[in-house]
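Down below is the structure, laid out as structure tokens.
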Amino acid sequence: MTSFLEIVIAVFMVIGGIFLFIGSFGLAKLPDTMRRLHGPTKSTTLGIGSLLIASMFYFALLQQAAGIHEILITLFLFLTAPVSANMIAKTHIFRNRNLQQTLPSDASNSGWAVLTDPVTARDSAGHA
Amino acid sequence: MIAAACIFAMIAISASLLMNVYRLIAGPDVTDRILALDTMVINAIGLIVLAGIAFGTAMYFEAALLFAMVGFVSTVAFCKFLLRGNVIE
């Protein structure tokens with residue numbers, strides 16, 4: 001006889017697997033880099049969160065005590081996924097001159113991805 | 001039931017890893033390859049967590065945590081190198 005908790009664990013695991021698959025499918029399928037960023041950064045984060053919830057419930061069922069490790073992994077992944085996505089987008093903008101021409105100007109009018117300090121870049125652009 | 005769900009999720013993650021390898025090889029720009037590596041790390045963490053459930057030990061969580069940290073640091077290092085031409089200035 002399967003208990004209610006086992007059904008919950010199985011459902012979370014299936015959801016996690018499906019969302020990880022959708023994220024990677026988006027990475028393989030979508031046409032350009034900026035659109036490809038959406039798949040891994042959103043869908044995959046949801047999938048791994050779901051898998052970690054399933055793992056927490058499973059070890060709560062098995063050992064009668066919920067672990068702290070899953071919460072650590074979840075916290076770390078959810079903190080770092082937006083940072084790495086921002087870094088990748090910034091690198092893409094920096095390496096693509098045509099994209100820089102089409103972007104609207106930012107608040108300090110110095111460009112979205114520059115080599116120098118934004119204040120220095122704005123001053124030199126103002127003088128030129 | 002848990003075993004069947006575990007096998008289903010493992011198959012899904014393995015297919016995702018294959019698609020990431022496709023993007024890693026075919027990616028037109030180097031940012032696509034960094035993104036593919038980042039996604040591969042997340043898929044590997046999922047696989048490690050599933051292995052922990054399948055074998056019934058809590059021993060694999062340290063490996064998953066280390067993978068998460070090293071994956072983030074490597075992604076940031078790749079991006080930093082492309083942005084600045086240097087990792088630590």
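Any read-out appearing in this document is the output of simple, stated calculations on the displayed coordinates, not a laboratory observation. What you see is a predicted model; the values in this text were computed from it and never measured. Positions of Cβ are generated from backbone atoms using ideal geometry, with glycine treated the same way; all protein chains shown enter the neighbour counts.
Scaling against 2.2 N^0.38 Å puts the C-alpha radius of gyration of the stretch B:2-84 at 1.23.
In terms of its Cα atoms, the stretch A:4-95 spans 52, 24, 11 Å along the principal axes, sorted from long to short. Rounded to the nearest 20 debye, the dipole magnitude of the stretch A:1-102 is 660 debye, with +1 charges on Lys and Arg beta carbons, -1 on Asp and Glu beta carbons, and the Cα centre as origin.
For chain B, the longest principal axis of the Cα atoms and the long axis of helix B:30-55 meet at an angle of about 20 degrees.
When the alpha carbon coordinates of the protein assembly as shown are projected onto the principal axes, the ranges are 76, 32, 26 Å, largest first. Averaged over the residues of B:52-62, the number of partner chain Cβ atoms lying within 10 Å of the residue Cβ comes to 4.
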